[in-house]
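Participant: Sharing a structure here in structure tokens format.
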Amino acid sequence: MVNRRAFMKSGALALFATGIGGLPNFIAQAANSNKIHLPYKKNKILVCIFQRGAMDGLMTVSPYADSNLKILRPGLYMSPSDKEGALFDLDGKFGLHPSLAAFNPLFKEKRMAIVHGVGSPNNTRSHFDAQDYMEAGTPFNKGTSSGWLNRVSGLLGHDATPFRAVSLTSALPRSFYGDNEALAISNLQDFALQVRSNPAVNNLTAKSFEELYDQTSSNLLNKTGKESFDAMKMLNVNTIKNYQPAKDVIYPASPLGNALKQIAILIKMNVGLELAFAESGGWDTHVNQGTTNGALARNLKDFGDCIAAFWKDLAAYQDDVTLMTMTEFGRTAYQNGTGGTDHGRASCLFVLGNDVQGGRVYQNIKSLAKEDLEDGRDLPVTTDFRSVFSDVANNHLRINNNQIIFPDWNGQSIGMMRN
């Protein structure tokens, strides 16, 4: 059921579409009475995927040419070869995990870039703290009330539809907290149907949206609810229900596949989407991590296939979209006694788009020799995540205001995006 606390976190709107009929009558009435405008002109779109649990960057994009890696990970080491299940050689130094076969052609086409040794300057190994710091964009300030994507939303500088910022999750992510409106929608079809299937729609008594809201006792809803109701009215239930991806595109039947498919629907419906968020879980590989088989390989297979399907599905929309991944930290350079890896420091991320200078692994990694590891055990962070996030936001979305996006940072963008 939708409850009042679900509507806002730190000023941003979070609406959960958890099931048909779960929408209160007064919301359905307000949605029906509200008039909406046609979609605004097409804008650039940034899609962010958070890999929660800390992905092992040293296996995902392996520095196989460093002789220390085999010593550190005798049971997890992989290398490129002509044999099936080997790494894809990227540049003679780094190899792409075989489960990410769908990424290899995107990298070769120079549509995808990889950033390695990336992470937060804050060395916490707490999943929750590290995720919060990364999503807030202030690694040493836990009291930041807004998320970096919410601040980006406020800098876009033009009129917005209710679908400017949408998270395909059951709860609003920390990245979207703040004063600028954002929606959290777990299922587009349920979200649209809740208004149209509610009996209250046929018994409308309020003369206007504002009059109806004057009848409520919640100042919280008065402040932020209008954008949600606008959004409900803009969705075409039949379009969502009968959506067919582009030819030969099959989305994996997983939470990430479902989220990216729905983001593709929003993009193609031209409802004004500019910032989209999805997440992928299960990256905490302490035990039996495996190489070509195991938890990490399965996760990487789903991750790569979902993103590749999404990209192919976009077809003519690709010029307007950049996709960026992130994870809170990486794994230890050493394998542990249970065939897994523990909480570490740096990892890697992927950026996909036609305005990306791809086909390259961006990195400043020295070596995996013990003297070059952080605390003698971890791949150190040699690229601040804000160097990547700012590059993508400024050059793709054309906003260029790091002082607001990352207020505690004076670094330089990584230079991966075309101006």
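Participant: List the number of the failed condition for GLU328; all other conditions in (1) surrounded by fewer than 19 Cβ atoms within 10 Å (Cβ to Cβ); (2) under 16 Å from CYS48 (Cα atoms) hold.
Facilitator: (1)
Participant: Now for a separate question. If LEU90 satisfies all but one of (1) at pLDDT 95 or above; (2) over 21 Å from GLY330 (Cα atoms), what's the number of the condition it fails?
Facilitator: Exception for LEU90: condition (2).
For every residue, the table says whether it meets (1) more than 24 Å from THR60 (Cα to Cα); (2) under 19 Å from the mean Cα position of the chain (by Cα); (3) at pLDDT 95 or above.
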position: ILE265; (1), (2), (3): yes, yes, yes
position: GLY272; (1), (2), (3): yes, yes, no
position: ASP284; (1), (2), (3): no, yes, yes
position: ASN299; (1), (2), (3): no, yes, yes
position: ASP302; (1), (2), (3): no, yes, yes
position: ALA309; (1), (2), (3): no, yes, yes
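Participant: What are the pairs, 6+ residues apart or on separate chains, where a residue within the range 339-356 that is under 15 Å from GLU374 (Cβ atoms) has its Cβ under 7 Å from a residue that is aliphatic (A, V, I, L, M) and part of a strand (DSSP E or B)?
Facilitator: If the second residue must be aliphatic (A, V, I, L, M) and part of a strand (DSSP E or B), the pairs left are ALA346/VAL118; SER347/VAL118.
Participant: In addition: Which of the numbered conditions does GLN289 fail, given that it passes all the others? Conditions: (1) at pLDDT below 60; (2) buried (at least 19 other Cβ atoms within 10 Å of the Cβ).
Facilitator: (1)
Participant: Can we say ASP320 is surrounded by fewer than 23 Cβ atoms within 10 Å (Cβ to Cβ) and modelled with pLDDT of 95 or more?
Facilitator: So ASP320 passes the test.
Participant: Scanning the range 236-245 for residues that are surrounded by 11 or more Cβ atoms within 10 Å (Cβ to Cβ) and more than 22 Å from the chain's Cα centre (by Cα), which turns out modelled with the highest pLDDT? Give the derivation first.
Facilitator: To start, the set of residues in the range 236-245 that are surrounded by 11 or more Cβ atoms within 10 Å (Cβ to Cβ) comprises 236-237, 239-241, 243, 245.
Next, only the ones that are more than 22 Å from the chain's Cα centre (by Cα) stay: 236-237, 239, 241, 243.
Numbers: ASN236: 78, VAL237: 84, THR239: 85, LYS241: 90, TYR243: 95.
The residue in question is TYR243.
Participant: In addition: Count, please, the residues in the range 296-337 that happen to be in a helix (DSSP H, G or I) and either polar (S, T, N, Q) or touching an Asp or Glu at 6+ places or on another chain (Cβ under 9 Å) (or both).
Facilitator: Number satisfying all stated conditions: 6.
Participant: Of (1) under 22 Å from ASP132 (Cβ atoms); (2) touching a strand residue (DSSP E or B) at 6+ places or on another chain (Cβ under 7 Å); (3) not in a helix (DSSP H, G or I), ASP284 satisfies all except one. Which?
Facilitator: (2) is the only condition that ASP284 fails.
Participant: Is it the case, given these coordinates, that VAL381 is buried (at least 21 other Cβ atoms within 10 Å of the Cβ), over 17 Å from the mean Cα position of the chain (by Cα), β-branched (Val, Ile, Thr) and within 30 Å of VAL152 (Cα to Cα)?
Facilitator: yes
Participant: If you don't mind, there's one more thing I want to ask. Enumerate the helices (runs of 4 or more DSSP H) found wholly within the range 73-167, keeping only those where 1 or more residues are surrounded by 24 or more Cβ atoms within 10 Å (Cβ to Cβ). Write out each step before concluding.
Facilitator: Numbers: elements: 104-108, 127-136, 148-154.
Result: 127-136, 148-154.
The values are calculated or read from the model by the stated rules, or taken from the named source; none is laboratory data. Since the structure is predicted, the reported quantities are computational estimates derived from the model, not experimental observations. Using ideal geometry, Cβ is built from the backbone for each residue, glycine included, and neighbour counts are taken over all protein chains shown.
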